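The structure appears right after this line, and notes come after that.
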Amino acid sequence: MAIEAHRHCAICGKPIPMDESFCSDKCEEQYQARQKAMMKQRRILLIVIAVFVIIWFIMMVMRK
């Protein structure tokens, strides 16, 4: 008894054919929503880091 080649849905883990990434449109929508939220978090983090670097640079220049 051999197991057919397959992969698993990135969201729910159900077995799916090798040429697919998601088992349903619902799972694909959830994945897209997660990706969008993650990109938003990354942008916010980069903005916060940039603000701190700018403030640090201004404080170093004002010190002299």
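The values are calculated or read from the model by the stated rules, or taken from the named source; none is laboratory data. Quantities reported herein were computed from a predicted structural model and do not represent experimental measurements. Glycine also receives a Cβ, built like all others from the backbone with ideal geometry; neighbour counts cover every protein chain displayed. Heavy atoms of the whole protein, side chains included, go into the accessibility calculation; ligands, DNA and RNA do not. Shrake-Rupley method; radii C 1.70, N 1.55, O 1.52, S 1.80 Å.
A few notes on this one:
- Straightening the chain between residue 34 and residue 57 buys 4.8 nm, computed as 0.36 nm per residue apart minus the Cα-Cα spacing.
- Taking the chain as the region of interest, the number of lysine pairs whose Cα atoms are within less than 25 Å, with members eight or more places apart or on different chains, is 4.
- The residues of the chain expose, per residue, 96 Å² of accessible area to a 1.4 Å probe.
- Computed with a 1.4 Å probe on the full set of protein chains, the accessible area for residue 57 sits at about 130 Å².
- Unit charges on C-beta of K, R, D, E only; dipole of the chain, Debye: 740
- Accessible surface of the chain, 1.4 Å probe, proportion on carbon and sulfur as whole %: 65
- Approximate spin-label separation residue 43-residue 6, in nm, with each point projected 7 Å along Cα-to-Cβ: 3.8
- Quick note on the chain: its Rg to Rh ratio, both from C-alpha atoms and Rh being the Kirkwood radius, is 1.44.
- Long-range amide H partners of residue 16 with built H, under 5 Å: 7, 8, 9
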